[in-house]
Structures are given as C-alpha cells and as structure tokens.
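First the structure, in the form of structure tokens, and then the observations on it.
The values are calculated or read from the model by the stated rules, or taken from the named source; none is laboratory data. This is a predicted model, so every value here is computed, not measured. Cβ: placed from backbone, ideal geometry, glycine included. Neighbour counts: every protein chain shown. The area values use the complete protein model at the heavy-atom level, side chains included, leaving out ligands, DNA and RNA. Shrake-Rupley method; radii C 1.70, N 1.55, O 1.52, S 1.80 Å.
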Amino acid sequence: MPGKAILFTSGKGGVGKTTATANIAAALASFEQDLSVCVVDMDIGLRNLDIQFGLENKITHNVIDYLEDNCSLDQALVRDKHLSNLSLLPAAQTSDKDAISSEQIVRLITELKEKFDLILIDCPAGIEQGFHNSAVAADEAIIITNPEMSAVRDADRVIGILESYPRHINCWLVVNRLNPEMVKNHDTLSVEDVMDILGIKLLGVIPEDQHVVVSSSHGEPLSLKYDNQWAGQAFRNIAKRLTGEEVPLLDLYKTRFGFLNKIKTLFTGKK
Amino acid sequence: MGFLDWLSSSANREQNLSSSESARKRLKATIFQDRVQMMTLPPEQLEEFKSELLTVIKKYFEISDEHAQCILEQDEKEVEFVANIPVKSFIGQINSNTTAETTNE
C-alpha cells in the first residue's frame, strides 16, 4: 500500500512549523521500527529542517539535485542519526522557490509513497507557489498556529485555500506555544477560541516550553526525550493520534498549577 | 507591580475587555471580512455570472433585463447573494406582474 503524505502548514512564519514537523516525525519513527517515515523540507532556499535533526553536516545532495537528475533519490535522502526508519529529504539552500513545478512535486511524492509509509512535508511560510507546491500532493494537512491573532488569521486563510482545492484535503489543527497561565488569566486566546474560529478538528496542543529551543540547539528532537517534558509529551501524543490511537489531551492546568506551585507562587510571586 | 499600577490596571479591566476577549472579538470580525473578500467575485466575473443567470431565467420567465439586480450583500454574520429580477410574464402566460426574488447564501 502506498504511503500517506501529510502537509505541515501555517501561512504565518515562526509559529513552529519546522519544529513540530521534526518532533512529530521523530516520535512517529520511534514508536515502530517497521514504520518508515520521510520528512521533506519544501522551504527551498531557506533550509532548516536539517538543523532540527542535527543533520546539517550530513547533506551532500538535496531535493532540487534529485529533481534535476543530478543524483538518485537515495543519494538525496539523509538517514537520521538515531532512527534508521527516519529519512530527511533536504531543501536546496541556493535555488529559489520557483525552481520546481507542481508536476515535479506530484511525481516526487508519488515516488516517496512507494518507499515510505508516512511522508511529512514541511511547507514554507506564505501562500505563494512554494505553498501550493507543498500542498499539491498532500493527503492530509496539519494546520499549525499559535493562540494569537495574526497566526490564527493566517491559518484561516490557509484553510480557505486548501478547501478551494478540487481534491479534498483533510485539515487538522495543532495549537502550538500555548501558555496555560496566560489563558487562565484571559490574556490570550484559548484553544476553544481558536477551534471555534477555525472550525477544524483539533489534533493537539503544545504548551510553550523552553526545552523546545534547547533541544533544537542540540539537534535532538524533544519528542525523543522521555524525561517528562511537556512539549515532548504533547508532540508524542500528536504522533500517536496520527497513527489512529486515541490519546486524551494533556491537562495543561492541573500539574503546573498544582498545590506546590501555588505555594511557591505565594512565596516568590513568580509563576 | 506597584499598588498604583495594580489599581489602574484593575480599573482598566472593568472598563475594557480582557486581552483574550478583545483578541477574540477583533479576530472574528477580521476573519469575517477576509472570508467575504475571498468569496466576492471580481466585478467582471459577477457580470458574467449575472448574464448566465438571466439566460437560465429567460427560459421560464419573460423579464426586464435592464432592471435586474444581482449583488452580494453582507451583514455581521453572513453573506447573501441577492438577485432582484422583475418578471413581466411567465412563458406561456401574459401580463403577470410578479417579481422573482432569489436568495442564495
């Protein structure tokens, strides 16, 4: 059976698309040895997915090299350091975004579907050709947003564009960088607000967590670390839901605002 | 946060919306506007649509083309396509002064 292609998109830049793609891909590959996963960096000219996996020094060829027949698909694919069933197809750093056509992408993704069970496509920001190229062969889309006005507005725009495609693409919502404390104090939009506005099914919520930045610096996806980090757990839960498992949403309020924390807050004034 | 800051911020809170309420309200309004713009046909396409629509209606009614109006109307909640086409007579019937009003969301 050919694999499934999942698009990670947001419209707005900087909402955590690439980080989420990397973390969810790593989690998926870590669950099952038999599940082959490929992440495709479609941000041509602004390659970044390699950094998330710590693979920036292992790249010899890229997606453009392959599409222009300068290398084989196997030469372009880079295997992950830890997970043998996870591969990265890196973006080109020098070519520009118009270097590839939609037809080429359809052919590429069809080919990747023969080789892999899951293909995760990291879409560039914006809604120009790079976006359409990334979406053209996707079976499902994960819309990543932050609980913040401009990110939600752009997400709505992207959903509208995907819905206007003649081919039906199932859209899922991931709310990234949620600060439970701010939601509690009515300082920011809640997950319910975002769901209400965008009207698509929720796949998961990732709390704001400094460990995400730290793990990016080390080039090790946080979702592979089982030391009880919030965001890592949230990424793993999303990956599990993608495989069809039913996982309840993390209770972002209970633990962090538990009794001990309340006492600490009383004494230090810090939350 | 000093006492005065606290006092002024809580006074503000009573008058104004919370940050999340304000964001929700503004976002809903903005997204509604965005969606309307996305749905609205460009003028030349609306004209083309109007003439196609009239061709179909003319199969069943005798109408006065020059008084036909087709517009997209919006209120706070939804967009409506409103066509107001005065009907002179039904085909096969004479002198019926009915107006056909079609509303399509």
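If I compute solvent accessible area with a 1.4 Å probe over the protein chains, what percent of it on the protein assembly as shown is carbon and sulfur? Of all accessible area on the protein assembly as shown, carbon and sulfur atoms account for 51 percent. With contacts taken as Cα pairs under 8 Å and at least 6 residues apart, region A:3-73 reaches a relative contact order of 21 percent.
Look at the stretch A:180-190: the mean tally of other chain Cβ atoms within 10 Å of its residues' Cβ atoms is 3. Expressed in units of 2.2 N^0.38 Å, where N is the residue count, the Cα radius of gyration of the protein assembly as shown is 1.24.
Per residue of A:84-92, other chain Cβ atoms within 10 Å of the residue Cβ number 0 on average.
Between A:Ile51 and B:Glu44, what FRET efficiency follows from the Cβ-Cβ distance if R0 is 56 Å, with the result rounded to 0.05? Efficiency at R0 = 56 Å is approximately 0.75.
Each listed q (0.21 Å⁻¹) maps to a log10 I(q)/I(0) for region A:1-124 from the Debye sum over equal C-alpha point scatterers, namely -1.29.
Packing order of peptides A:22-28, B:83-89, highest average first: A:22-28, B:83-89 (average count of other Cβ atoms within 10 Å over each peptide's residues). The order of the peptides A:232-238, A:163-169, A:141-147 by mean Cβ neighbours within 10 Å, most packed first, is A:141-147, A:232-238, A:163-169. In the context of the full set of protein chains, chain A has a per residue accessible area of 46 Å² (1.4 Å probe). With both residues required to sit in the protein assembly as shown, DSSP beta bridges show an antiparallel share near 35%. Shielding by partners for peptide A:155-163, expressed as the average number of C-beta atoms from other protein chains within 10 Å of each residue's C-beta, is 2.
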